[in-house]
1. Run residue 206 past the list (1) over 23 Å from residue 113 (Cβ atoms); (2) in contact with a Phe, Trp or Tyr (Cβ under 6 Å, 6 or more places away or on another chain) and report the number of the one that doesn't hold.
2. Scan region 32-46 and tell me whether some residue there is modelled with pLDDT of 90 or more, of a type in the set (Gly, Ala, Ser) and more than 20 Å from residue 208 (Cα to Cα).
3. Which helices (runs of 4 or more DSSP H) does region 48-107 wholly contain that include 2 or more residues that are modelled with pLDDT of 95 or more and of a type in the set (A, V, I, L, M)?
4. Would you mind finding the one in 172, 198, 216 that is crowded, with 16+ Cβ neighbours inside 10 Å, assigned to a helix (DSSP H, G or I) and either in contact (Cβ under 8 Å) with a residue 24 or more places away in the chain or basic (Lys, Arg) (or both)?
5. Residues in region 29-38: is at least one among the hydrophobic types (A, V, I, L, M, F, W, C), more than 20 Å from the chain's Cα centre (by Cα), under 18 Å from residue 16 (Cβ atoms) and surrounded by 18 or more Cβ atoms within 10 Å (Cβ to Cβ)?
6. How do the pairs read when you match residues in region 91-114 that are in contact (Cβ under 8 Å) with a residue 60 or more places away in the chain and crowded, with 20+ Cβ neighbours inside 10 Å with residues anywhere that are charged (D, E, K, R) and part of a loop (DSSP other than H, G, I, E, B), using Cβ under 6 Å and keeping only pairs 6 or more apart or on different chains?
7. Examine region 183-194 for a residue that is closer than 23 Å to residue 88 by Cβ, among the polar types (S, T, N, Q) and in contact (Cβ under 8 Å) with a residue 60 or more places away in the chain, and state whether such a residue exists.
8. Taking residue 126, is it touching a helix residue (DSSP H, G or I) at 6+ places or on another chain (Cβ under 6 Å) and either in the same structural domain as residue 256 (by TED's automatic domain parsing) or in a loop (DSSP other than H, G, I, E, B) (or both)?
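The values are calculated or read from the model by the stated rules, or taken from the named source; none is laboratory data. All of these numbers come straight from a predicted model, not from anything done at the bench. Cβ atoms come from the backbone with ideal geometry, glycine included; neighbour counts cover every protein chain shown.
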Amino acid sequence: MSNETIESQREFEFSERDFRRVCSLIHARAGIALADSKRDMVYSRISRRLRALGLENFSDYLNFLERDGDSGDEWQSFVNALTTNLTSFFREEHHFDHLREHLPSMRKAGGNVQIWCSAASTGEEPYSIAIAACEAFGTLSPPVSIIATDIDTQVLATAERGVYPLERIERLSTERKRSFFQRGTGANSGKVRVNPALKALIDFAPLNLLHESYGLRGPFAAIFCRNVMIYFDKPTQRAILARMKPLLEPTGFLYAGHSESFFHAADLFKNLGRTIYVPSDRREPGA
């Protein structure tokens with residue numbers, strides 16, 4: 001089927017200029033670099049906003065968006081629509097094994113270990129961090145504080161609720177299921193809720209990684225920034241890493257996604273292997 005045929009069958013007019021405007025706006029707003037292959041995805045997701053607002057074409061929607069002003073409510077809906085959220089409990093589990101191994105030594109002078117999960121999505125990652133912390137210290141109330149942020153307010157709301165379909169935890173061990181989740185009954189059959197003790201360890205908050213100031217109080221012993229940098233171009237990645245570095249303790253760890261590489265920012269972070277990074281100027285024991 002030709003592109004012309006596809007265009008003629010669409011509910012809304014969606015020109016090349018419309019697509020380029022969407023790409024420009026989401027890059028400026030959230031740093032997301034959309035490839036040409038995402039055109040159909042953009043049409044599908046933004047069409048929902050046109051229907052919700054009763055608009056007839058993309059041009060009118062984008063004009064409305066720009067008239068809405070930088071703080072308009074529709075901007076958040078626009079960002080939410082174009083944000084991709086793919087996550088699971090203990091995704092890339094070696095990172096959580098590494099964190100669990102090092103957590104006890106991260107604690108200083110009896111204080112709390114602070115951890116930042118910078119792309120929390122629907123919550124599976126920060127709850128996995130919380131579980132690893134409980135296992136590391138052998139208690140449901142470990143000396144750990146987790147701040148979990150995301151640009152997408154809809155997924156953050158899901159994360160705060162901490163309720164998931166039962167199949168989301170099917171790959172976890174029986175011990176983890178029993179210790180950290182509560183199975184629903186009756187109307188909630190087929191669902192699980194995270195143990196309230198886990199929720200007590202986490203503060204959820206919206207945050208745009210493009211902002212020049214994150215307003216976070218570090219330093220953090222660990223920062224999880226996984227599977228989000230792949231949506232940014234190299235200059236944007238570097239700018240974000242430069243803002244993150246002062247928030248990470250000199251002895252801390254930055255965890256990245258398996259397909260992400262920060263060789264272009266080697267003056268900021270160096271790779272220990274398996275996408276675990278430390279500050280580039282970190283001095284190892286005995287060095």
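1. The number of the failed condition is (2).
2. Kept after step one, since they are modelled with pLDDT of 90 or more, are these residues of region 32-46: 36-46.
Going one step further and asking which of them are of a type in the set (Gly, Ala, Ser), we end up with 37, 44.
Then drop every residue that is not more than 20 Å from residue 208 (Cα to Cα), which leaves 37, 44.
Within region 32-46 (the criterion being modelled with pLDDT of 90 or more, of a type in the set (Gly, Ala, Ser) and more than 20 Å from residue 208 (Cα to Cα)), the answer is yes, since at least one residue qualifies.
3. Hits in region 48-107: 94-106.
4. Working: 172 fails: assigned to a helix (DSSP H, G or I); 216 fails: assigned to a helix (DSSP H, G or I).
Exactly one residue qualifies, and that residue is 198.
5. no
6. Correct list of pairs: 113/107.
7. Quick first cut of region 183-194, residues closer than 23 Å to residue 88 by Cβ only: 183-184, 188-194.
Filter once more, keeping what is among the polar types (S, T, N, Q): 188-189.
Restricting the remaining residues to those that are in contact (Cβ under 8 Å) with a residue 60 or more places away in the chain gives none.
No, the conditions are met nowhere in region 183-194.
8. Numbers: touching a helix residue (DSSP H, G or I) at 6+ places or on another chain (Cβ under 6 Å): no; either in the same structural domain as residue 256 (by TED's automatic domain parsing) or in a loop (DSSP other than H, G, I, E, B) (or both): yes.
Spelling it out, it is not the case that residue 126 is touching a helix residue (DSSP H, G or I) at 6+ places or on another chain (Cβ under 6 Å) and either in the same structural domain as residue 256 (by TED's automatic domain parsing) or in a loop (DSSP other than H, G, I, E, B) (or both).
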